[in-house]
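Take a look at the structure below.
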């Protein structure tokens, strides 16, 4: 059987251990979760670990399937101490650059951390290029798909790994589950975006509402794939790294994520309702008839029901506008703080450099205040203006429906006044 979301969540954490050599044996079986072995076991079909660009991935199948009927392709996210992963985040996710990976290089540096092993003077710093992780994720997927052509597939990963899983899974038309994946649509072609939107049941990106890393693009309509599933942080922490963790999710007895409800849920659910309603607004007006308001699906409201629906939509719109305004302001503050902390608290190997030199180095791989803060802030503000336009449209709709209902009521009263004498005469004739 295919893996449940809870099992995929466990695998998305397991793949990080490839860096330490675990799960690399193709002859052993492994528990999905060492602390909860009831989740089941898997065996590794193949794996890849590349220290030059930080890429790690494995393909696994449930224990007992040989040949495998169900395969999970799992990509690792950012390892906090791996500078190759950090450079990938800056270039691929923040800057949207899918060309070869550009890495800082250091004379006499430790290849794992990039920290110089020599003393003063400080080592010279340059830039080298390596294959980017997205291209390597595609290559690894093609190898597995070719090797097991008759298996069913699921792609998954956490953070950067979720970004890779959603992109590569969709390119191959395979179901994908991301965990706290930032900006999965950042470098995606329009044709792949259309594929995901038309097959949205096969793609999920689970996010938690206190995760400023995974929610990097939360208000960016350009990257909105319609596959975000919000969950409250089950174990909210003051640490932004812990809030980005895989253990922030709770699951039901069948292994599905408990969507706990949050400010994000309400705001985005309300916005979805409003967008859906407005998309049919013109058809509703053309399809209306005296005494009734009808939409294109044939749903019919009388005047009282129509006013009630319009009043409710107006309330939802106003509530959504306030909530999204609050979230937009919080997003801007969080991004600004994240950007400035990169210069306030630089890695050890950059501490000998001036602020201007650090700015120049990060700008060389596309990380600037404009790319990380300004663009997202501008797009968030545009989305907020859209929400407010929707709010104004709802207020006008509410007014129009109320006026139409009052006119219909007046017609009913006038009709009753005209019919009353005739009805009385008919009653007398009957007697």
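May I ask you to verify whether residue 356 is modelled with pLDDT under 75, farther than 24 Å from residue 326 by Cα and either assigned by TED's automatic domain parsing to the domain that holds residue 185 or surrounded by fewer than 17 Cβ atoms within 10 Å (Cβ to Cβ) (or both)?
no
If you go through segment 76-93 one residue at a time, do you hit one that is at pLDDT 85 or above and closer than 20 Å to residue 145 by Cα?
Checked segment 76-93: at least one residue is at pLDDT 85 or above and closer than 20 Å to residue 145 by Cα.
Within segment 1-53, can you find the residues that are under 27 Å from the mean Cα position of the chain (by Cα), touching a residue at least 60 places away in the same chain (Cβ under 8 Å) and assigned to a loop (DSSP other than H, G, I, E, B)?
1, 2, 3, 4, 53
The values are calculated or read from the model by the stated rules, or taken from the named source; none is laboratory data. This one's a predicted model, so the numbers in the text were calculated from it and none came from an experiment. Glycine gets a Cβ as well: all are built from the backbone with ideal geometry, and neighbour counts include every protein chain shown.
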